[in-house]
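As structure tokens, the structure follows; a few thoughts come after it.
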Protein chains: 2
Amino acid sequence: MERTKPTIIDVARAAGVSPSTVSRVLNGTTAVDAAKAERVHVAVARLGYVPNAFARSLLGHAGRWVGVLVPQLADEFYGRVVTGIEDGLKQGGFQMVCSLGHGERSTEAEAIAMFVEARVAGLVLVSDHVPDRDVLALARARHPIVLVNRVIPELAAHAIRIDNVYSGALATRHLLGLGHTRIAHVAGSLNRTGARERLEGYHLALREHGIARDDRLVFEGDFSEEGGREAMTRALDSADFTAVFAANDRMAAGAIAAIREAGLRTPDDISIVGFDNTAISRFTYPALTTVDYPVTSMGRRAADHLLQLIAGADPPPLPLIQPRLVERDSTCAPGEMR
Amino acid sequence: MERTKPTIIDVARAAGVSPSTVSRVLNGTTAVDAAKAERVHVAVARLGYVPNAFARSLLGHAGRWVGVLVPQLADEFYGRVVTGIEDGLKQGGFQMVCSLGHGERSTEAEAIAMFVEARVAGLVLVSDHVPDRDVLALARARHPIVLVNRVIPELAAHAIRIDNVYSGALATRHLLGLGHTRIAHVAGSLNRTGARERLEGYHLALREHGIARDDRLVFEGDFSEEGGREAMTRALDSADFTAVFAANDRMAAGAIAAIREAGLRTPDDISIVGFDNTAISRFTYPALTTVDYPVTSMGRRAADHLLQLIAGADPPPLPLIQPRLVERDSTCAPGEMR
DNA sequence: TGACCTGCTGAAAAGCTTTTCAAGGAAAGG
DNA sequence: CCTTTCCTTGAAAAGCTTTTCAGCAGGTCA
């Protein structure tokens, strides 16, 4: 019973004109006799004709689609990246096609293969697991590509990411500026570049202030709330400090819970700085001082850059983003009652 | 300099066989002489040939793509829906193509038009603004469609949504069960169906317990944190109650802040129940008792249903979801110290 | 040895739209 | 009134892959 979709030929027959004329009416490429145009419109409406994008694209018309690959969307972070990207693309008349990589190499590879087959005009890859080699192969095949949060030396000009070292130092300097000298760090999984860089920034800031490095103040977590709680529990058991820099907001939230469970107060007894400025940081108690990861605007800039690449322009290299700190209620001077 | 992409004909020429043979090697449809197959593989690799999905799809091969339209992805909620949908689709061998509607009718209409032109195999529409009439037109044109969180009577069998009345009653009954009798409600924007239904559930539960309806205990918010804080401030000024049911977690978080600012404690002085079970509810202090909106699994079921529609099956109607309550630390019996 | 089957291969058609080319008619100008 | 030009239109080709059909070679069976 599956009636097949009407084609431009059916419309032409119904309107008593040639397919070329129908095409012209629909695309407005050439003037067409008003009466015929009207007949075409009527026929289109009556038959429910929708031009076949495949046939059109087959003509070599550049697709107006851009592929976007993100690891996941279950938490807010990547959703905000995608929002920025989509905004930029839409502005330029492109549509986003978004796929999830789930942090698995094979899944990501499949998604990218689909994009390539679909002849997308360009690609945005957000911090994915596909090996550098494959990404470079894509780039060499003249696919416009922009990377978010990933370093591949050859593509550095087309990668936008946050300056993690600077950011880690920024958070730590804030605590140092308040007068803290014993500052712990709840790190992310140290097999992740970002986590290592934030740790490096933490060390950098301490060194600037002439404070000796003490690895017993660094506790590795896994970017999860539970990991943060657990790392902080270990910290409270084994070390002596008045402030903590946590490598993301989730862990900071877990750390706050651990501090409370230990019968201490934030920030009175222990100040804490998070990282990301996700919704979480507004809802913890006390509200979290954190590093603002300007993730939506980074997505936006990635999209703008990509549009230029697609247009054949040679845009200036994408910058390393230096974020700012958002002060809320989880930090104060040591010993100060607040 | 833009070298055009190699076609199957180029590969055939390079391998010294016909295009048909190349197609057969690549798709494995028919046995091919091993030596020739090898030559084809070599040629494909050397030329970097990628089959053109448009040409393939033009043959009427059903596309393996499904269009998904969501309002936005900037907060966690829709991200989780999408995660569930994508999971289900991938399971069935389909790829998700996701677009954002931004709650605007024209944007949504454009996205849907793109999906239709791309000949997606089906559509999942999440709570969108396109008028019923247009959705019905799509359905009549034999597009498999599943709706999430939206009621269109003619498509009720293909719509999955939460039972808001039941849910509102569930939250309220929990408070009643603890012994509360003066229970306030911080409602969502009452021009939204969901908000009105939750309010209805609240009234229903009170009636069950023989408690007279008192409209002075209902305060309209706007689903935002700030709206919740403000509604709760008004509530504390004007009414007398020992518990609150807030129509979502964001407003509940705002309400908790307002309670704290008023010098009261949660749950000792005022118990509070939220709605959604988003990450927020784990991070507030005290952690929020809330209605678990099983949003990922709903997305998953929507996808499964759609896959059946695409396969031409006639799946059983999608259910109205009755969620369960997640008890955390924001509720206790009135007067009880906790 | 001849008829028949099997396995592999190439030619050609189908699928739908856009665009180029050529032609027809009408209008304008001499 | 004839020629030139412009406007509109239809025919046909291009774009790329899959699939059907027919053919060919080699082997099998009687």
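The values are calculated or read from the model by the stated rules, or taken from the named source; none is laboratory data. This is a predicted model, so every value here is computed, not measured. Neighbour counts are summed over all protein chains in view; Cβ atoms, including those assigned to glycine, are modelled from backbone coordinates with ideal geometry.
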Could you list all residues from the stretch A:1-56 that are within 13 Å of DNA strand D (Cβ to nearest atom), within 14 Å of chain B (Cβ to nearest Cβ) and among the small types (Gly, Ala, Ser)?
A:Ala53, A:Ala55
Counting only residues that are within 11 Å of DNA strand C (Cβ to nearest atom) and without any contact (Cβ under 8 Å) to a residue 40 or more places away in the chain, the stretch A:34-73 contains a total of 9
Considering only residues that are under 30 Å from A:Ser238 (Cα atoms) and β-branched (Val, Ile, Thr), look in the stretch A:133-190 and name the one that is surrounded by the fewest Cβ atoms within 10 Å (Cβ to Cβ).
A:Thr181
Run down B:Arg56, B:Arg64 and say which single residue is farther than 30 Å from A:Thr278 by Cβ, touching a strand residue (DSSP E or B) at 6+ places or on another chain (Cβ under 8 Å) and not aliphatic (A, V, I, L, M).
B:Arg64
Checking A:Pro317 against (1) touching a residue at least 24 places away in the same chain (Cβ under 8 Å); (2) in contact with an Asp or Glu (Cβ under 9 Å, 6 or more places away or on another chain), which test does it fail?
(2)
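Residue-wise test of (1) in contact with a His (Cβ under 9 Å, 6 or more places away or on another chain); (2) within 9 Å of B:Val186 (Cα to Cα); (3) away from chain A (no Cβ under 14 Å); (4) among the small types (Gly, Ala, Ser).
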site: B:His209; (1), (2), (3), (4): no, no, yes, no
site: B:Val218; (1), (2), (3), (4): yes, yes, yes, no
site: B:Ser238; (1), (2), (3), (4): no, no, yes, yes
site: B:Asp269; (1), (2), (3), (4): no, no, yes, no
For the stretch B:209-243, which residues satisfy the criterion of being in a loop (DSSP other than H, G, I, E, B) and in contact (Cβ under 8 Å) with a residue 40 or more places away in the chain?
B:Ala239, B:Asp240, B:Phe241, B:Thr242
Of these, A:Pro19, A:Pro6, which one is under 43 Å from the mean Cα position of the chain (by Cα) and either within 11 Å of DNA strand C (Cβ to nearest atom) or of a type in the set (A, V, I, L, M, F, W, C) (or both)?
A:Pro6
Residues in the stretch A:74-90 that are without any contact (Cβ under 8 Å) to a residue 60 or more places away in the chain and within 17 Å of B:Gly101 (Cα to Cα) total 2
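Residue-by-condition table, conditions (1) hydroxyl-bearing (Ser, Thr, Tyr); (2) crowded, with 17+ Cβ neighbours inside 10 Å; (3) in the same structural domain as B:Glu225 (by TED's automatic domain parsing); (4) on the phi > 0 side of the Ramachandran plot:
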position: B:Glu261; (1), (2), (3), (4): no, no, yes, no
position: B:Leu264; (1), (2), (3), (4): no, no, yes, no
position: B:Pro267; (1), (2), (3), (4): no, yes, yes, no
position: B:Asn277; (1), (2), (3), (4): no, yes, yes, yes
position: B:Ile280; (1), (2), (3), (4): no, yes, yes, no
position: B:Phe283; (1), (2), (3), (4): no, yes, yes, no
position: B:Met298; (1), (2), (3), (4): no, yes, no, no
position: B:Pro315; (1), (2), (3), (4): no, no, no, no
position: B:Thr331; (1), (2), (3), (4): yes, yes, no, no
